[in-house]
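Asks: My structure is below; once you've seen it, I'll send some questions.
The values are calculated or read from the model by the stated rules, or taken from the named source; none is laboratory data. All values reported here derive from a predicted model rather than from experimental measurement. Cβ atoms come from the backbone with ideal geometry, glycine included; neighbour counts cover every protein chain shown. Note: accessible area is taken over every heavy atom of the protein model, side chains too, but ligands, DNA and RNA are not part of it. Shrake-Rupley method; radii C 1.70, N 1.55, O 1.52, S 1.80 Å.
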Amino acid sequence: MFVSEISLWGAALVACIVIIASIALAIADWQMLKRMLTIFGATVAQMAIVVAVVCVVNLTHAWWSYLLWFVLVLALSICWCLYPLQSQWRKMLWPVSLAMLAGSIVVGGSIILMLPISVFLSIYSVLMACMTASLMQTMIRHQTNQQKPEAVRDDMFHQVRNLAQPLVMVIPMLYAGMLLGGVPYLEGLLATLLLVAASFVANILAGIIALKTLQNSYRKR
């Protein structure tokens, strides 16, 4: 029988802290509070969709539910990557979409081929989040610096460096999760290193596709 270890007193204290902070922000800057509530509402809406799909996956464990999760994470990754590029989203839509699709296939395929399908939901989400953050920074840099379309090499180095930072934080957590799940140390380490390698391959592929697609669009002009 599952017994919740969440402290109701602790939850109540956190709720009070949030309410007090909201009141203080309303007094100091009402417009900022409105923006914060809008962002919070959008986040809750996204979380509701994610939770609904996660529940479907856990209840069915069917191929179509995992495919639904794959599509949902891919769509969210594209939207998150395009969010800082709202002024250029029309130009960036196809490059980012193609890049994320190719990268997600490499990441998702690597997980399915190497690990049990039961861990696909969590590991795929984490690795896609890392790739999204990396590609987002590359697109912002490409837009801000307005580099020549031929200068792809510097952007790619930037892309790889951006991926290394979040991976250093999340990969140890994945490894710890494997150990807690009963995976032997060396076997878990090998799987973790292979996941890192697959992430780098997917990341480089995504960067090349995005930048080359933009390069071709510049040439057509």
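Asks: Would you mind finding the one in Leu74, Leu67 that is within 22 Å of Thr132 (Cα to Cα), open to solvent by less than 60 Å² (accessible area, probe 1.4 Å) and in a helix (DSSP H, G or I)?
Replies: The match here is Leu74.
Asks: Which number in (1) at pLDDT 90 or above; (2) more than 17 Å from Ser122 (Cβ to Cβ); (3) not hydroxyl-bearing (Ser, Thr, Tyr) marks the one condition that Phe2 misses?
Replies: (1)
Asks: If I ask for residues that are of a type in the set (Phe, Trp, Tyr) and closer than 19 Å to Val54 by Cα, which ones from the range 68-89 would you list?
Replies: Answer for the range 68-89, where residues must be of a type in the set (Phe, Trp, Tyr) and closer than 19 Å to Val54 by Cα: Trp69, Phe70.
Asks: Give all pairs with beta carbons closer than 6 Å in which a residue from the range 177-206 that is in contact (Cβ under 8 Å) with a residue 60 or more places away in the chain and under 15 Å from Gly109 (Cβ atoms) meets a residue that is of a type in the set (S, T, N, Q) and crowded, with 17+ Cβ neighbours inside 10 Å; count only pairs at least 6 apart in sequence or on separate chains.
Replies: Cβ pairs passing all conditions: Ala198/Ser110; Asn203/Ser134.
Asks: What do you reckon, is Ser65 under 30 Å from Ile117 (Cβ atoms) and not aliphatic (A, V, I, L, M)?
Replies: Yes: the conditions hold for Ser65.
Asks: Something else: State whether one or more residues within the range 85-100 are open to solvent by 50 Å² or more (accessible area, probe 1.4 Å), at pLDDT 90 or above, closer than 28 Å to Phe120 by Cα and among the hydroxyl-bearing types (Ser, Thr, Tyr).
Replies: Checking the range 85-100: not a single residue is open to solvent by 50 Å² or more (accessible area, probe 1.4 Å), at pLDDT 90 or above, closer than 28 Å to Phe120 by Cα and among the hydroxyl-bearing types (Ser, Thr, Tyr).
Asks: Take the range 29-64 and flag every residue that is open to solvent by 80 Å² or more (accessible area, probe 1.4 Å) and either hydrophobic (A, V, I, L, M, F, W, C) or touching a strand residue (DSSP E or B) at 6+ places or on another chain (Cβ under 6 Å) (or both).
Replies: Trp30, Met36, Leu37, Ile39, Phe40, Met47, Ile49, Leu59, Trp63, Trp64
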